[in-house]
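Asks: Here it is, the structure in full.
The values are calculated or read from the model by the stated rules, or taken from the named source; none is laboratory data. The structure presented is a predicted model; accordingly, all values stated were derived computationally and were not measured. Cβ placement follows ideal geometry from the backbone for every residue including glycine, while neighbour counts extend to all protein chains displayed. What goes into the accessible areas is simple: the full protein's heavy atoms, side chains included, and nothing from ligands, DNA or RNA. Shrake-Rupley method; radii C 1.70, N 1.55, O 1.52, S 1.80 Å.
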Amino acid sequence: MKTTFFTLLFTLVAFLLQAQSNLQNIRGTVIDKLSQSPITGATLVITNSNPSKGAQSDVNGKFIISDVAPGRYEIKVSYMGYKELTIPNVMVTSGKETILDLNMEENIRQLKGATIKSHTKNRTQNEMVSVSGRTFSMEEVNRYAGGRSDPARLAANFAGVSSPDDSRNDIVIRGNSPTGVLWRIEGLNIPNPNHFATVGTTGGPVSALNTNMLKNSDFFTSAFPAEYGNANAGVFDINFRKGNADKREHTIQFGMLTGMEAMTEGPIKKGNGSSYLLAYRYSFTGVAQALGIPIGTTATPFYQDLSFKINSGDGKLGRFTLFGIGGKSNIKFLHDKIDTTDLFADPSADSYFTSDIALAGLKHFIKVSPKSYINTIIGATYSASDYNQDTISHLDDSPARVVENKTKRLTYTLNSAFNSKISSRLFIKAGIQAEIMNLNLDYRTRNNSTNWKQIWDFKDYTYLMQAFAQAKYNFSEKLTLNLGLHSQFLTLNNASSIEPRAGLRYAITEKSTLSAGFGLHSQMQPTDVYFYRDRLPDGSYDQSNLDLGFTRSQHYVIGYDVTPIKDWRIKVEVYYQRLSNVPVTVANSSYSMLNNGASFNPSNQGFLVNRGTGRNYGIELTVEKFYSRGYYGLMTATLYESKYTGSDGVERNTAFNGNYVFNILGGKEFKIGKAKRNNFFTDLKLTSAGGRYFTPVDLPASQLAGEQVLKGDEYAFSERNPDFFRLDFKSGITINSKKRKLSHSFYIDIQNITNHKNVFAQRYNPINNSINTAYQIGLFPNFVYKLQF
């Protein structure tokens with residue numbers, strides 16, 4: 001069956017390929033960044049091609065630069081009254097057209113003979129960002145060593161971000177819990193865009209985001225604009241690219257980790273701008289295990305996902321876009337099929353886990369005037385998980401069910417925003433977001449007991465309402481002010497907040513900028529925390545956490561950005577964050593919700609009140625060489641502290657306080673072949689990060705209880721794992737066909753090439769009644785083959 005499938009697949013590929021020139025096109029649109037109106041007559045020039053090539057945008061802002069040889073290019077875009085735009089590192093292969101959506105910024109004043117320049121690497125997609133924001137591209141996600149084609153793991157290279165955990169892609173931003181991160185896809189908030197996701201978390205072992213679907217997207221680490229709410233740490237604002245509206249194109253990819261992938265795109269009806277983009281992936285991790293490659297567990301994970309985007313093109317009623325993601329995953333941890341290196345399994349139990357995620361939305365864009373437009377999104381997100389655990393009798397290996405945990409969350413969302421470019425100086429944006437969260441939580445345990453203890457038992461819905469207004473005002477070409485106000489209201493317990501945001505940017509010179517930002521941010525607690533049930537002495541249950549309010553966070557940031565020479569950038573940011581209204585226990589203890597997300601386990605803590613505090617502060621340095629002349633480099637260094645205070649009044653390190661993170665990575669590309677149409681690249685990355693603090697295991701108590709027991713409050717987060725170190729290497733080659741519009745790419749990504757033993761956790765082993773050290777993944781090679789035609 002498999003042989004037949006692959007035979008048909010490659011027969012289809014051969015049939016579709018046509019003998020023709022391998023030259024390709026660069027096409028796209030040029031629009032005003034703020035008004036989203038097309039710019040007619042913009043001039044585009046490839047600065048490093050011989051002979052020189054270029055084009056002009058038409059009445060719809062569209063352009064095409066034809067017959068471009070495979071390679072990397074720099075494109076300059078100019079139009080009278082607008083800042084000259086430079087787009088570096090434009091990759092052209094023979095297998096696929098390169099599509100660019102270009103946004104230009106209008107000059108504040110018209111100066112005769114003066115040219116004001118803008119560089120895409122120094123800008124975010126969101127026009128309201130003053131500090132702590134960065135844009136990342138699909139090309140970067142796929143190029144960086146150790147990234148596993150995962151946007152979250154890519155972000156771990158950026159200043160202020162820590163992710164010293166090979167087993168999952170949790171993002172720790174400036175010492176905050178990963179649960180403080182907001183994921184937004186095409187304007188829809190999604191709780192967790194990962195396979196094997198659990199309730200109350202934002203990370204997972206494998207991303208469900210297909211990087212071949214992504215367009216340039218934003219990542220924020222502090223004081224983010226007013227349109228983003230219900231997050232205290234940071235924001236991933238991710239968008240899918242549109243399919244090619246002029247030509248059908250296809251991609252087939254095989255990866256040891258990402259699995260088998262097929263993607264197709266093209267016009268729905270030529271000439272009207274409509275297009276489709278569809279991608280499907282199926283896991284191959286079983287192949288990696290069969291080859292003896294460690295993946296962190298001897299259990300075989302299975303996952304698959306489907307992503308799509310359908311664009312109607314522009315019409316009298318505006319533009320409609322339908323998009324979505326669907327993913328399924330499952331894994332079994334069997335007690336008799338694990339070894340000492342397994343990061344997740346229990347030698348005395350069998351565990352079964354399944355997870356489903358889905359997102360679907362319809363976006364409507366319509367111009368209401370030449371300088372104003374409305375974006376409206378209606379959609380739904382779905383997440384479900386099912387975890388069951390059986391203890392295994394040491395007498396006859398018979399199983400006994402002791403844990404049943406089933407969760408479902410279906411959220412309906414309406415998100416609408418009005419945008420208006422009042423003038424070249426003033427831009428305003430205001431909108432609302434309403435979420436109806438339908439929850440079905442059922443969790444019960446009976447460890448060391450014949451009677452079940454009900455932890456969650458909730459089936460109902462609640463609303464989270466949000467609204468915002470923000471404005472950007474350019475006093476001059478040098479000075480820009482961003483002001484905003486966000487508010488949110490949770491109907492479950494009438495919790496509310498009003499949150500001012502502000503940002504200021506001042507261009508000291510043409511090459512240096514000073515920036516500052518402030519933001520008050522609020523976030524509801526994970527849904528499982530609200531509905532935790534405590535058993536009272538009389539046998540009844542009490543939902544003691546139901547009235548918890550929002551955790552609040554104040555961000556203060558100052559930054560300095562300089563481009564000392566062409567293609568180089570140095571950036572420094574200093575920040576302070578104060579957290580308040582943090583849930584802690586009524587009785588004096590070391591517990592704090594700021595440590596939530598440090599493990600896969602749910603919180604399981606009742607009688608919480610909003611009386612805790614925390615603080616994060618640090619300094620970050622970024623030195624970056626943008627990709628040009630065949631090489632790039634990035635060095636980021638962060639020194640930080642992350643502290644919390646529980647109800648006992650003692651300040652401690654949080655579970656995410658590593659004190660420092662250092663990354664250095666770089667790569668070189670070589671043009672090869674007689675015509676120099678092919679390329680070979682190498683990429684190297686080094687990461688060093690401080691070990692995280694943890695609460696040690698109480699060995700005598702664990703031996704007595706027959707399960708892991710941690711030491712008391714006086715030992716909370718008192719010990720620390722050794723520092724994390726990893727060296728990754730990636731190399732690959734892209735071969736562009738001489739006669740066909742076809743390209744092959746081969747990659748090998750070797751993670752932890754020194755096989756360094758990074759500690760995962762110290763934990764109690766009930767089989768040998770001792771404390772064992774579990775280590776993270778050792779040397780891990782990942783192979784990828786990509787065919788585009």
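Asks: In Å, the Kirkwood hydrodynamic radius of the stretch 27-79 over pairs of distinct alpha carbons?
Replies: It works out to 11.5 Å.
Asks: Another question, if that's okay. So what is log10(I(q)/I(0)) for the stretch 362-436 at q = 0.17, 0.27, 0.28 1/Å, when the Debye sum runs over its Cα atoms only?
Replies: -0.78, -1.14, -1.17
Asks: So, one more: In whole Hz, what ³J(HN,Hα) sequence does the stretch 222-231 give by Karplus (6.51, -1.76, 1.60; θ = phi - 60°), x for Gly and Pro?
Replies: Taking θ as phi minus 60°, the curve returns 5, 6, 6, x, 5, 6, 9, x, 6, 7 Hz for the stretch 222-231.
Asks: Here is a follow-up. Mind checking the per residue accessible area of the stretch 208-265 for me, 1.4 Å probe, whole number of Å²?
Replies: Ligands and nucleic acids excluded, the result is 19 Å² per residue.
Asks: Net charge near P696: determine it from the other residues with C-beta under 9 Å of the C-beta of P696, scoring Lys and Arg +1 and Asp and Glu -1.
Replies: -1
Asks: So, one more: Could you give me the ³J(HN,Hα) list for the stretch 675-682, computed from phi with Karplus coefficients 6.51, -1.76, 1.60 and θ = phi - 60°, whole Hz, x at Gly and Pro?
Replies: 8, 6, 8, 9, 9, 10, 9, 10
Asks: Quickly work out the D648-to-I498 label distance, labels modelled 7 Å from Cα along the C-beta direction, and quote it in nm with one decimal.
Replies: Between I498 and D648, the simple spin-label model gives 3.9 nm.
Asks: For the chain, give the percent of accessible area contributed by carbon and sulfur heavy atoms, probe 1.4 Å, rounded to a whole number.
Replies: Exposed carbon and sulfur together represent 58 percent of the surface.
Asks: Okay, next question. Once the Cβ-Cβ distance between A675 and S628 is put in as r, and R0 is 22 Å, what FRET efficiency do you end up with, to the nearest 0.05?
Replies: Here the calculated transfer efficiency is 0.50.
Asks: Next question, about the same structure. Which residues' amide hydrogens lie under 5 Å from the amide hydrogen of S544, considering only partners 5 or more residues apart or on another chain, with H built in the peptide plane?
Replies: Residues meeting the amide H criterion: D534, F607.
Asks: Loop only by DSSP, 10 or fewer other Cβ within 10 Å of the Cβ. Give me the chymotrypsin sites (Phe, Trp or Tyr not before Pro) in the stretch 254-287 that pass, ordered by residue number.
Replies: Here no loop site has a sparse enough neighbourhood.
Asks: Follow-up question, since we're still on this one. Binning every alpha carbon pair distance of the stretch 633-729 at 10 Å from zero, what are the percents per bin?
Replies: Bin by bin from 0 Å, the calculated values are 13, 26, 23, 16, 11, 7, 4, 0.
Asks: On the full set of protein chains, 1.4 Å probe, figure out the accessible area of E707 and give it in Å² to the nearest 10.
Replies: Counting only protein heavy atoms, the figure is 80 Å².
Asks: Further question on the same structure: Any chance you could run the full-extension gain for L426 through Q454? It's 0.36 nm times the residue separation minus the Cα-Cα distance, nm to one decimal.
Replies: 4.5 nm
Asks: K247 to S580: extension gain in nm, 0.36 nm per residue of separation minus the Cα-Cα distance?
Replies: Result for the pair: 114.5 nm of gain on full extension.
Asks: Still on this structure, I have one more. With bins 10 Å wide starting at 0, give me the P(r) of the stretch 539-604 over every alpha carbon pair, in whole percents.
Replies: Going out from 0 Å in 10 Å bins, the stretch 539-604 shows 14, 30, 24, 15, 12, 5, 1, 0 percent.
Asks: I've got another one for you. Please give me the summed charge of the neighbours of G361: other residues whose Cβ is under 13 Å from its Cβ, Lys and Arg +1, Asp and Glu -1.
Replies: Local charge sum for G361: +1.
Asks: Right, next: Over the C-alpha atoms of the chain, what are the Rg and the largest Cα-to-Cα span, Dmax, in Å?
Replies: Here Rg and the maximum Cα pair distance are 26.5, 89 Å.
Asks: Return, for the Cα atoms of the stretch 165-312, the radius of gyration and Dmax in Å, separated by a comma.
Replies: Radius of gyration, then largest Cα-Cα span, for the stretch 165-312: 17.5, 52 Å.
Asks: Accessible area of S496, 1.4 Å probe, to the nearest 10 Å²?
Replies: Only protein atoms counted, so the area is about 60 Å².
Asks: Now for a separate question. Summing +1 for each Lys or Arg and -1 for each Asp or Glu, what net charge is found among the other residues whose Cβ lies under 11 Å from the Cβ of L479? Walk me through the intermediate numbers first.
Replies: Details: positive: R425, K478, R505; negative: E477.
With Lys, Arg at +1 and Asp, Glu at -1, the neighbours total +2.
Asks: Another question, if that's okay. Using a simple spin-label model with points 7 Å from Cα along the Cα→Cβ vector, what separation in nm is obtained for K511 and A701?
Replies: Modelled inter-label distance: 5.9 nm.
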